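The values are calculated or read from the model by the stated rules, or taken from the named source; none is laboratory data. Model, not experiment: these values are computed from the prediction. FYI the Cβ positions are ideal-geometry reconstructions off the backbone, even for glycines, and counts take in every protein chain you see.
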Amino acid sequence: MGHKALRSSLLNAIGVLCLVAVAITGGQPAAEGQGQDEEQQMGQEVFNELKAKGEIVESSPLYEQLRPIADAITRVAQPRYNHPFKFYLVHETQPNAFATPGGNVFVVDSLLYFVKNTEQLAGTLCHEVSHTIHHDTVTLMEKQQKIEKREVGAAVLLGPSRAHILAILLIGKLHSLKYSRDVESRADLTGSDICASAGYNPWGLVWLFQDFKNAQPDQLPQLLSDHPDDQHRVDALEQHFRENASTFGKFSPDAKSAQPFYVPKNAPEAFLR
Ligand SMILES: [Zn+2]
């Protein structure tokens, strides 16, 4: 891959983040069957899958850094979704974050080492939560199901629930699903609203894009990115900020105003089994 192509692909890291997000769309531990709606069931199956793979971090000092941000975002976002948001650290090599139907948000531990400031992390999490509020994963899985009936053919014969079929698709596509650029952009804008209400400078997401663009390719983590160029997402955010100056005007676009984000090196992690 050429330098330009690599840069362009890295620009879309957030998009990428979400691909995986979609892929893993997870769930929360909840009573099985009764009382669970389809989104919860899908989420539960992904949660179980991640747990079975030993990826879910049960305890780590990193939670101390994540929790205040997650709590502030939850306070703002929760009224817009009908299942409780829950944030879990997961251990994967690629810096990433992904939300799944049912309210779970999974944050890859290495993302906490990758972000330079609190606003970049908050922006990423606000974006992911927005996918859940918009029901983007379910919508995408429904499209996939139509396209790939053969993949779920065997499952259909067994007569599982629709949620189960969608979850199979979701789990199987963990690292290859893609939202459209418009869906990503919509999550960016809603995410910036949530971040602003939660008190985090919504320019954090823009700064994250800029860091990807400006970084030397060999200094970047290996983000899976083959999205189309998403400069227009930055443009859309900036336009949204301009058009809603009463909300966004009080935040500085200067990354020098950011709150540095510190995490303990080599934090020990215990995994949920
Ligand atoms: Zn996304």
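For segment 176-208, a residue qualifies if it is under 17 Å from Asn96 (Cβ atoms) and either more than 12 Å from the ligand (Cβ to nearest atom) or assigned to a helix (DSSP H, G or I) (or both), and the qualifying residues are Ser176, Glu184, Ala187, Asp188, Gly191, Gly204, Leu205, Leu208. Checking the structure you have, find out if any residue of segment 52-65 is closer than 28 Å to Lys256 by Cα, out of contact with any strand residue (DSSP E or B) (no Cβ under 7 Å at 6 or more places or on another chain) and part of a helix (DSSP H, G or I). Checking segment 52-65: at least one residue is closer than 28 Å to Lys256 by Cα, out of contact with any strand residue (DSSP E or B) (no Cβ under 7 Å at 6 or more places or on another chain) and part of a helix (DSSP H, G or I). Within this structure, Ala72 fails the test of being under 16 Å from the mean Cα position of the chain (by Cα) and touching a residue at least 60 places away in the same chain (Cβ under 8 Å).
I'd like the full set of residues that are among the β-branched types (Val, Ile, Thr) and modelled with pLDDT of 95 or more, limited to segment 229-273.
Thr247
Taking the criterion of being modelled with pLDDT of 95 or more, surrounded by fewer than 23 Cβ atoms within 10 Å (Cβ to Cβ) and not aliphatic (A, V, I, L, M), the residues of segment 187-217 that qualify are Thr190, Asp193, Ser197, Gly199. Does any residue in segment 121-149 that is within 14 Å of Ala163 (Cα to Cα) come within less than 8 Å, Cβ to Cβ, of a residue that is within 11 Å of the ligand (Cβ to nearest atom) and outside any helix (DSSP H, G or I) six or more places away or on a different chain, and which pairs are these? Correct list of pairs: Thr137/Ala99; Leu140/Leu177; Leu140/Tyr179; Gln144/Leu177.
Scanning segment 73-95 for residues that are within 16 Å of Cys195 (Cβ to Cβ) and of a type in the set (Val, Ile, Thr), we see that the one that is surrounded by the fewest Cβ atoms within 10 Å (Cβ to Cβ) is Val76.
Report yes if some residue within segment 81-94 is at pLDDT below 90, within 16 Å of the ligand (Cβ to nearest atom) and not acidic (Asp, Glu); otherwise report no. Looking through segment 81-94, at least one residue is at pLDDT below 90, within 16 Å of the ligand (Cβ to nearest atom) and not acidic (Asp, Glu). The residue pairs whose first member lies in segment 177-201 and is within 17 Å of Arg80 (Cβ to Cβ), whose second member is outside any helix (DSSP H, G or I), and whose beta carbons are closer than 6 Å, counting only pairs six or more residues apart or on different chains, are Ser192/Pro202; Cys195/Pro202; Ala196/Pro202.
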